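Student: One structure coming up, written as structure tokens, with questions to follow.
The values are calculated or read from the model by the stated rules, or taken from the named source; none is laboratory data. These figures come from a predicted structure and were not determined experimentally. With ideal geometry, Cβ positions are generated from the backbone for all residues, glycine too; neighbour counts draw on all protein chains shown.
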Amino acid sequence: MKIVDVRATRPIGPFEWTLVRLETDDGAIGYGEMPIFSRVHSDDLTQVRELLVGRRPHDVEPLLAPLMVAFAHARNPGLVHAVEIALLDLAGQAMGVPVYVLLGGKYRDRIRLNADSHGGADWSPALIRENRHLAQEEKRLAEIYRPDAYARHAAEVVAAGYDAVKFDVDFPTPNKKDRDDRSIAPAELRAIVEVVAAIRGAIGPDVDLAIDLHAAYNVADALRVAYELEPFRLTWLEDPVPPGNHEAMAKVTAKSRIPICTGESLVGREAFRDLLTRQAADIIQPDTPRASGMRDLKKIADLADLYAVSIAPHNMTSPIGTIAAVHAGAAIPNFLALEFHCRGIAWWQDCVAGPPLIERGSIAVPERPGLGIAVDEASLAAHAVGDLWL
């Protein structure tokens, strides 16, 4: 088996997924996925083809090493991570084993999902634009950011089978004194507490509840939020201060009694090494195509395990990227949950053939060779911007 071509898609769906496809001389196809909202230039594909065509996909690390060097300066490692997923897909197919075997074997048969549910409705770009306008220009709070809306939505998600949920509370609000400053106004903090209380009341005490702050606050006010939310027994408080500032995150982590989670925007093992050695998080959330690819996701998790830190990968991808994260999560001992942010995309499941991937809030680890899924390119093409393939 040798690689004969490398292709990439145009953006697909609201998160603008970009998929990579490796083709071989025996007809096998391997799929990978880039970080959301990514783009591939034709010159990028030319460079990847020059390094991969004619090579065996089995040699995953030797093939990726020059690619990482080539794309490090272009700040486009996400393309390399997508290629890595596709290479492992092909290698698994060639050897007749699921990808999780190539990563060391599985600790679990099913991967638990954390349903990222946004607010009183699932996230969409249009929704955010509309409600930001209401808050900033008309000084009104959108109905979906009221406590009763959060409560209804939370109850619906749990009724669908999820026992772990996450909500955003940095919603567009007319209560903010200055939209560019990271301080929190008293009314803003009070509204957050009321929302979280409503969610907890709707889902009961046994469902895991995480809250995302999207780096909205300074250190002092992030801690004020953490102290006020202690009674609601949160699984974690996510990105309370800007990610990448490990000193500030460490300060919040040390003083908060709610576990602090961060890492979705970090790229590479080195960034997570610094985060962990500074004791700046209780839970980390690398994004598979952005941070690492599957092999490095496992390496990051192994490093986190040395610090008694669990991993809850960030995930807003298509079924291709999601199943890649499922294989990696299966091979990680300190795995907590995998984010699922696509409940609002009705055609998400249609991207792959076969029975539903998600059942009662979890995904079974595939047992077929490679990624173990059958990609439906016709469904992807129906939601792409222009022709599917570049």
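Student: Here's a check for you: in the stretch 27-62, which residue that is buried (at least 20 other Cβ atoms within 10 Å of the Cβ) and over 24 Å from the mean Cα position of the chain (by Cα) is nearest to Val267 (Cα to Cα)?
Tutor: Per the stated criteria, the residue is Val48.
Student: Which number in (1) in contact (Cβ under 8 Å) with a residue 40 or more places away in the chain; (2) loosely packed, with under 14 Cβ neighbours inside 10 Å; (3) assigned by TED's automatic domain parsing to the domain that holds Glu238 marks the one condition that Gly105 misses?
Tutor: (3) is the only condition that Gly105 fails.
Student: Asp350 is checked against (1) over 27 Å from Leu209 (Cβ atoms); (2) crowded, with 20+ Cβ neighbours inside 10 Å and fails just one. What number does that condition carry?
Tutor: Tallying (1) over 27 Å from Leu209 (Cβ atoms); (2) crowded, with 20+ Cβ neighbours inside 10 Å, Asp350 fails exactly one: (2).
Student: Tally time: how many residues in the stretch 39-75 are without any contact (Cβ under 8 Å) to a residue 60 or more places away in the chain and either among the hydroxyl-bearing types (Ser, Thr, Tyr) or part of a loop (DSSP other than H, G, I, E, B) (or both)?
Tutor: 13
Student: Taking the stretch 249-276, which residues are of a type in the set (Gly, Ala, Ser) and either under 21 Å from His314 (Cα atoms) or not assigned by TED's automatic domain parsing to the domain that holds Pro286 (or both)? Explain how you work it out, then say what you get.
Tutor: First, the residues of the stretch 249-276 that are of a type in the set (Gly, Ala, Ser): 250, 254, 256, 263, 265, 268, 271.
Across the stretch 249-276, the qualifying residues are Ala250, Gly263, Ser265, Gly268, Ala271.
Student: Here is a further query. Would you point out the residue of the stretch 269-299, among those that are among the aliphatic types (A, V, I, L, M) and in contact with a Phe, Trp or Tyr (Cβ under 7 Å, 6 or more places away or on another chain), that is surrounded by the most Cβ atoms within 10 Å (Cβ to Cβ)?
Tutor: Among those residues, the one meeting the criterion is Ile284.
Student: What is the one condition in (1) under 20 Å from Pro289 (Cα atoms); (2) part of a helix (DSSP H, G or I); (3) hydrophobic (A, V, I, L, M, F, W, C) that Ala381 does not satisfy?
Tutor: (1)
Student: Taking the stretch 253-268 on its own, how many of its residues are crowded, with 18+ Cβ neighbours inside 10 Å and outside any loop (DSSP other than H, G, I, E, B)?
Tutor: Residues in the stretch 253-268 being crowded, with 18+ Cβ neighbours inside 10 Å and outside any loop (DSSP other than H, G, I, E, B): 4 in total.
Student: Out of all the residues in the stretch 305-331, which are surrounded by fewer than 23 Cβ atoms within 10 Å (Cβ to Cβ) and assigned to a helix (DSSP H, G or I)?
Tutor: Asp305, Leu306
Student: What is the number of the single condition among (1) touching a residue at least 24 places away in the same chain (Cβ under 8 Å); (2) assigned to a helix (DSSP H, G or I); (3) of a type outside the set (Asp, Glu) that Arg129 does not meet?
Tutor: Result: Arg129 passes all but (1).
Student: Out of the residues in the stretch 232-252 meeting the condition of being over 21 Å from Ala164 (Cβ atoms) and crowded, with 20+ Cβ neighbours inside 10 Å, tell me which one is modelled with the lowest pLDDT. Before you say what the answer is, go through the steps one by one.
Tutor: Initial filter on the stretch 232-252 (over 21 Å from Ala164 (Cβ atoms)): 241-252.
If we keep only those that are crowded, with 20+ Cβ neighbours inside 10 Å as well, we get 241, 243, 246, 249, 252.
Details: Val241: 97, Pro243: 92, His246: 95, Met249: 98, Val252: 98.
Checked the stretch 232-252; the qualifying residue modelled with the lowest pLDDT is Pro243.
Student: Say we look at the stretch 293-315 and pick out the residues that are modelled with pLDDT of 95 or more and among the acidic types (Asp, Glu); which of these is farthest from Ala65 (Cα to Cα)?
Tutor: Asp305
Student: Something else: State whether one or more residues within the stretch 309-322 are more than 24 Å from Phe37 (Cα to Cα) and not β-branched (Val, Ile, Thr).
Tutor: yes
Student: Here's another thing I want to ask about it. With the requirement that a residue be outside any helix (DSSP H, G or I) and either surrounded by 15 or more Cβ atoms within 10 Å (Cβ to Cβ) or hydrophobic (A, V, I, L, M, F, W, C) (or both), what does the stretch 175-208 give you?
Tutor: Across the stretch 175-208, the qualifying residues are Asn175, Lys176, Arg182, Ile184, Ala185, Val207, Asp208.
Student: Here is a further query. For the stretch 139-164, enumerate the residues that are out of contact with any Leu (no Cβ under 6 Å at 6 or more places or on another chain), touching a residue at least 12 places away in the same chain (Cβ under 8 Å) and either among the charged types (D, E, K, R) or not in a helix (DSSP H, G or I) (or both). So that I can check it myself, show each step before the final result.
Tutor: Initial filter on the stretch 139-164 (out of contact with any Leu (no Cβ under 6 Å at 6 or more places or on another chain)): 139, 141, 143-164.
Add one more test, that the residue is touching a residue at least 12 places away in the same chain (Cβ under 8 Å), and what stays is 139, 141, 143-155, 157-158, 160-164.
Those that are out of contact with any Leu (no Cβ under 6 Å at 6 or more places or on another chain), touching a residue at least 12 places away in the same chain (Cβ under 8 Å) and either among the charged types (D, E, K, R) or not in a helix (DSSP H, G or I) (or both): Lys139, Leu141, Glu143, Arg146, Asp148, Arg152, Ala160, Gly161, Tyr162, Asp163, Ala164.
Student: Continuing with the same structure: Which residue is farthest from Met95 (Cα to Cα), if the candidates are limited to the stretch 1-49 and must be of a type in the set (Asp, Glu) and modelled with pLDDT of 95 or more?
Tutor: Glu16
Student: Take Arg21 and tell me if it is basic (Lys, Arg) and farther than 27 Å from Pro369 by Cα.
Tutor: no
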